[in-house]
Amino acid sequence: MKFSEMTYRRPDLDALRAQCDSLRARIETAASAAEAEEAYRAFDRLSDEVGTQITLAYIRHTVDTRDEFYDRENDFADQALPAIQEMANGINRALLGSPFRPELEERLGKLLFTDLEISVRAFDPVNLPLMQEENQLQSAYQKLYASALVEWEGKSIPLPQLGPYKQSPDRAVRRRAFEAEGAWFDQHQEELDELYDKLVKNRTQQARNMGYENFLPLGYDRLGRNCYGPEEVAAFRAQIAGDLVPIVAGVKEAQRRRLGVEKLRYYDDLLLFPDGNADPQGTAEEILAAGRQMYQELSPETAEFSAALWDGELLDVLSKEGKAPGGYCTGLPSYQVPFIFSNFNGTSGDVDVLTHEAGHAFAFYRTMRQGYLSAQCNPTIEACEVHSMSMEFLTAPWHERFFGPLTRKYEVGHCEDALIFLPYGCMVDEFQHLMYQNPDLTPAGRHETWLALEKKYRPWIDFDRLPFYGRGAGWQRQTHIYLNPLYYIDYCMAQTVAFQFWTASRADRADAWRRYLGFVDAGGTKTFAQLVQDAGLRVPYEPGCIRSVGGAISRWLEENRLDEGSASQN
């Protein structure tokens, strides 16, 4: 079925509550493990149906935030989701409390019960009004961001369309693009500050209602982290700051020499080569066609997947007015298909979408066909990001389809960009930890904290009096900080694993693909650490991992270093 043919029906909460009450009672009164399992599987199917409808509305809302019908349905979901979570929580508690739990753990897997315990721990009905308010605040931020238009060369354009100008070989154009972007954020400074302040205080109050000092333990539980905690994350960040920041500083110095500038400014950050970054060679339609062909050739598994994705109209990737910012992949479990959302802007990021988000989509497509319960289809988030970030590198033999003679430049730039990202991602994570440890910080205090972290993780940055960025507010364009608290270090851990898959693929492509496919197909039946170890790779927060991985990537960059050129910009 094509996406346009999928019918949306608002879930009937009263009917849903009655069904959940009945299924909970069946689990509680079951005479055997088989009966309890049958009732739980019925709930799983019901959950898929409801989740599919909520997701359909979300996709259509983000595709056009001006659509009044789906705007209302998104508002409905903001109000309904906490109540739906409460219903699911009752079912989960019943399964956890079943007298047949030992046998159920044998039948369904012990990790499922660990994950359900975390899910139950992360929810308290006393927080329902606060959870609804949190959803509304998140939607308000997303809608504000989606409304952003800037004046550029006599036209009003959405913020994502500034992307090519922020990477222009002309330094003056780059600065103007960053100034235009920053000016919009400065114009909405009060709204952005207020929204985040309300979100931090809301989440903090939810945590305190549950007996926590701050939001951090609740935030970790909401992300379902089942094999590590704040201590391991702090140790990982320390490795990045101590072992990788010096390596990245060397990469940025090589970039400065290539660009021929005396000092790197923030508006130089995205331009990796003096004659311009490697942009894809072709129209958006040609890029999409090349992407489909790539997956048809990569493996039998991806060939089947790509046919479902393209034939089902399961991609919406062109930037347009009213469309929400950013990109994502989500799933429609009733149809056993994924959906990819993005904003193409003519840069290499368009190709990255077809590898990164398609990595998520491929994993969803595969695990939905393994017969798992919904709770077992997806691992924790950092493992999901391994699916996507590894796909970016495992598709290397097809990069020439997109970049032609610029392929080597793209691959060097892509590798540098992935390496440079790691300190930034850790900066975002540490910032969020500090925000929730200090929920009463003023907006000025938050911006000062961000600037201090810039010096720790990106000491090469010079903002040169740019609006917005220069006052330490650049974090406000990072949607995850508002919408997905504490979900960013996951990218960093995943990138560390993806680098290892890439290294393995350069030694033996077939073996690396086999190990990657095993990682994907296991879904959420293993912890992140187990998945990584079973693939024969190192867990990111393991002592010495970053020094080893960073050294290997640094050597590859040195071996593939492009000529610095003689272009000079003052």
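The values are calculated or read from the model by the stated rules, or taken from the named source; none is laboratory data. Everything quoted here is computed from the prediction, not taken from an experiment. Here Cβ is always computed from backbone atoms with ideal geometry, including for glycine, and neighbour counts include all displayed protein chains. Ligands, DNA and RNA are excluded from the accessible area calculation, which covers all protein heavy atoms including side chains. Shrake-Rupley method; radii C 1.70, N 1.55, O 1.52, S 1.80 Å.
Quick one: in region 467-483, which of the residues that are under 23 Å from the mean Cα position of the chain (by Cα) and among the hydrophobic types (A, V, I, L, M, F, W, C) is most open to solvent (accessible area, probe 1.4 Å)?
In this case the residue turns out to be 483.
Quick grid of which residues meet (1) open to solvent by less than 30 Å² (accessible area, probe 1.4 Å); (2) closer than 24 Å to residue 112 by Cβ; (3) of a type in the set (Phe, Trp, Tyr):
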| position | (1), (2), (3) |
| --- | --- |
| 39 | yes, yes, no |
| 45 | no, yes, no |
| 51 | yes, yes, no |
| 61 | yes, no, no |
| 66 | no, no, no |
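Identify the single condition in (1) in a loop (DSSP other than H, G, I, E, B); (2) more than 21 Å from the chain's Cα centre (by Cα); (3) of a type in the set (Phe, Trp, Tyr) that residue 185 does not satisfy, given that it satisfies every other one.
For residue 185, the exception is condition (1).
Return the pairs, sorted by first residue and then second, in which the second residue is open to solvent by 30 Å² or more (accessible area, probe 1.4 Å) and not hydroxyl-bearing (Ser, Thr, Tyr), the first residue lies in region 419-448 and is more than 15 Å from residue 480 (Cβ to Cβ) and touching a residue at least 40 places away in the same chain (Cβ under 8 Å), the beta carbons are less than 7 Å apart, and the residues are 6+ apart or on different chains.
That search, which allows pairs on different chains as well, returns 439/201; 443/197.
Test residue 306 against the stated conditions and say whether it is modelled with pLDDT of 90 or more and small (Gly, Ala, Ser).
yes
Can you tell me which residue in region 114-131 is farthest from residue 484 (Cα to Cα), limited to those that are open to solvent by less than 40 Å² (accessible area, probe 1.4 Å) and without any contact (Cβ under 8 Å) to a residue 40 or more places away in the chain?
120
If residue 295 passes every condition in (1) crowded, with 20+ Cβ neighbours inside 10 Å; (2) of a type outside the set (Lys, Arg); (3) within 21 Å of residue 59 (Cβ to Cβ) but one, which one does it miss?
(3)
Among the residues of region 133-154, is any without any contact (Cβ under 8 Å) to a residue 24 or more places away in the chain and closer than 30 Å to residue 320 by Cα?
Checking region 133-154: at least one residue is without any contact (Cβ under 8 Å) to a residue 24 or more places away in the chain and closer than 30 Å to residue 320 by Cα.
Would it be correct to say that residue 387 is under 20 Å from residue 339 (Cβ atoms) and crowded, with 20+ Cβ neighbours inside 10 Å?
It is true that residue 387 is under 20 Å from residue 339 (Cβ atoms) and crowded, with 20+ Cβ neighbours inside 10 Å.
Does region 82-113 hold any residues that are open to solvent by 50 Å² or more (accessible area, probe 1.4 Å) and of a type in the set (S, T, N, Q), and which are they?
85
Would you check which residues across region 382-427 are within 18 Å of residue 288 (Cα to Cα) and not hydrophobic (A, V, I, L, M, F, W, C) and list them?
Of everything in region 382-427, those that are within 18 Å of residue 288 (Cα to Cα) and not hydrophobic (A, V, I, L, M, F, W, C) turn out to be 388, 392, 395, 397, 399, 400, 401, 404, 407, 410.
Being closer than 21 Å to residue 392 by Cα, among the charged types (D, E, K, R) and either modelled with pLDDT of 95 or more or surrounded by fewer than 18 Cβ atoms within 10 Å (Cβ to Cβ) (or both) is true for just one of 262, 285. Which residue is that?
Values: 262 fails: closer than 21 Å to residue 392 by Cα.
After ruling out the rest, the residue left standing is 285.
Kindly indicate the residue of region 265-282 that is open to solvent by 20 Å² or more (accessible area, probe 1.4 Å) and either under 15 Å from residue 348 (Cβ atoms) or among the charged types (D, E, K, R) (or both) and also nearest to the chain's Cα centre (by Cα) among those meeting that condition.
Here the residue is 270.
Determine whether residue 134 is assigned to a helix (DSSP H, G or I) and either of a type in the set (Gly, Ala, Ser) or open to solvent by 20 Å² or more (accessible area, probe 1.4 Å) (or both).
Considered against the rule, which asks whether it is assigned to a helix (DSSP H, G or I) and either of a type in the set (Gly, Ala, Ser) or open to solvent by 20 Å² or more (accessible area, probe 1.4 Å) (or both), residue 134 comes out as no.
Which residue pairs have Cβ atoms under 9 Å apart, sit 6 or more places apart or on different chains, and have a first residue in region 290-313 that is without any contact (Cβ under 8 Å) to a residue 24 or more places away in the chain and a second that is open to solvent by less than 40 Å² (accessible area, probe 1.4 Å) and among the β-branched types (Val, Ile, Thr)?
Pairs found: 296/302.
Collect the residues in region 155-178 that are assigned to a helix (DSSP H, G or I), open to solvent by less than 60 Å² (accessible area, probe 1.4 Å), closer than 23 Å to residue 464 by Cβ and in contact (Cβ under 8 Å) with a residue 12 or more places away in the chain, keeping them in residue-number order.
Result: 159, 162, 163, 164, 166, 171, 174, 175, 177, 178.
Can you tell me which residues in region 396-436 are open to solvent by less than 10 Å² (accessible area, probe 1.4 Å), over 19 Å from residue 287 (Cβ atoms) and in contact with a Ser or Thr (Cβ under 7 Å, 6 or more places away or on another chain)?
Selection gives 431, 436.
Quickly run through region 210-264 and pick out the residues that are in a helix (DSSP H, G or I), acidic (Asp, Glu) and without any contact (Cβ under 8 Å) to a residue 24 or more places away in the chain. If you could, list the steps in order and put the result at the bottom.
Quick first cut of region 210-264, residues in a helix (DSSP H, G or I) only: 216-222, 230-259.
Those left that are additionally acidic (Asp, Glu): 221, 231-232, 243, 253.
Passing the criteria: only 231.
Among the residues of region 137-154, how many are more than 25 Å from the chain's Cα centre (by Cα) and either part of a helix (DSSP H, G or I) or more than 30 Å from residue 200 (Cα to Cα) (or both)?
Going through region 137-154 one residue at a time, the tally reaches 4.
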